[in-house]
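The values are calculated or read from the model by the stated rules, or taken from the named source; none is laboratory data. Just so it is clear, the model here is predicted, and its values are computed rather than measured. Neighbour counts run over all protein chains shown; Cβ positions are idealised from the backbone, glycine included. With ligands, DNA and RNA removed, areas are computed over all heavy atoms of the protein, side chains included. Shrake-Rupley method; radii C 1.70, N 1.55, O 1.52, S 1.80 Å.
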Amino acid sequence: AATQFTILGMYFFIMIKMYQSMNGGGKNDTGKLARNAYNPETSVSFNDIEGIDKAKYEVMEMVDSLRNPTKYAILGARAPKGCLLCGPPGTGKTMLAKAVATSAVVPLLYCSGSDFVEMYVGRGAARVRRTFEKASKLAPCIVFIDELDALGKKRNPDLDNFLGRGPNDEQEQTLNQLLACKD
């Protein structure tokens, strides 16, 4: 009897864990607020970044336009609404984003593109909406989405129909929701 109860208990434990993972695993914290953004000892500044001087100066100019918008408004320029940092892993993109948030004195919401990828239709788009709702409550803030290529794919309608994926693919909906929220 003890063996049967043990096996039955393990079965229910596995079923509960599977049910939780189907419901997102209780992870509704897609956009995580970066810690230690305001602590001078642990925060990242532009002085800590070496080796990518050209990108660093471009981003520093963007921070200056965020801090002094009137200086640029005289020339008819506006502060950018977004910035795309691209490059191979380990080149300092995340560190640049942290330095921008520290020098602009705004919170940094960090999330990964793979956080939005979900097996069930509509879940990824809902996570994107929750992240941008959190960002609007913290406004002004910086939303840093790492590994954005996890959402994108080559759009090929013939291949999609062959593989059984229709035009309402989950990745497609998530990417469209991300673009709509960014707009």
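Yes or no, residue by residue, for (1) within 23 Å of the chain's Cα centre (by Cα); (2) farther than 15 Å from Ala104 by Cα:
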position: Asn47; (1), (2): no, no
position: Lys54; (1), (2): no, yes
position: Val59; (1), (2): yes, no
position: Pro69; (1), (2): no, no
position: Pro80; (1), (2): yes, no
position: Cys86; (1), (2): yes, yes
position: Gly90; (1), (2): yes, yes
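Yes or no: the range 132-139 includes at least one residue that is modelled with pLDDT under 80 and either surrounded by fewer than 18 Cβ atoms within 10 Å (Cβ to Cβ) or more than 25 Å from Asp48 (Cβ to Cβ) (or both).
Checked the range 132-139: at least one residue is modelled with pLDDT under 80 and either surrounded by fewer than 18 Cβ atoms within 10 Å (Cβ to Cβ) or more than 25 Å from Asp48 (Cβ to Cβ) (or both).
Let me spell it out: the conditions are (1) closer than 18 Å to Ile145 by Cα; (2) open to solvent by 40 Å² or more (accessible area, probe 1.4 Å), and Val100 meets all of them except one. Which number is the exception?
In the conditions (1) closer than 18 Å to Ile145 by Cα; (2) open to solvent by 40 Å² or more (accessible area, probe 1.4 Å), Val100 misses (2) alone.
May I ask you to say which residue of Val128, Val117, Val121 is open to solvent by less than 20 Å² (accessible area, probe 1.4 Å), of a type outside the set (Lys, Arg) and in contact with a helix residue (DSSP H, G or I) (Cβ under 6 Å, 6 or more places away or on another chain)?
None of the others qualify; the one that does is Val128.
Taking Ser112 and the conditions (1) without any contact (Cβ under 8 Å) to a residue 60 or more places away in the chain; (2) in contact with a Leu (Cβ under 6 Å, 6 or more places away or on another chain); (3) not hydrophobic (A, V, I, L, M, F, W, C), which numbered condition does it fall short on, given that it satisfies the others?
(2)
Restricting attention to helices (runs of 4 or more DSSP H) lying wholly within the range 1-102, give those where 1 or more residues are modelled with pLDDT of 85 or more and within 30 Å of Val121 (Cβ to Cβ).
Because the criterion is at least 1 residues that are modelled with pLDDT of 85 or more and within 30 Å of Val121 (Cβ to Cβ), the helices (runs of 4 or more DSSP H) in the range 1-102 that meet it are 2-22.
Go through the range 103-148 and count every residue that is under 10 Å from the mean Cα position of the chain (by Cα) and part of a strand (DSSP E or B).
Going through the range 103-148 one residue at a time, the tally reaches 8.
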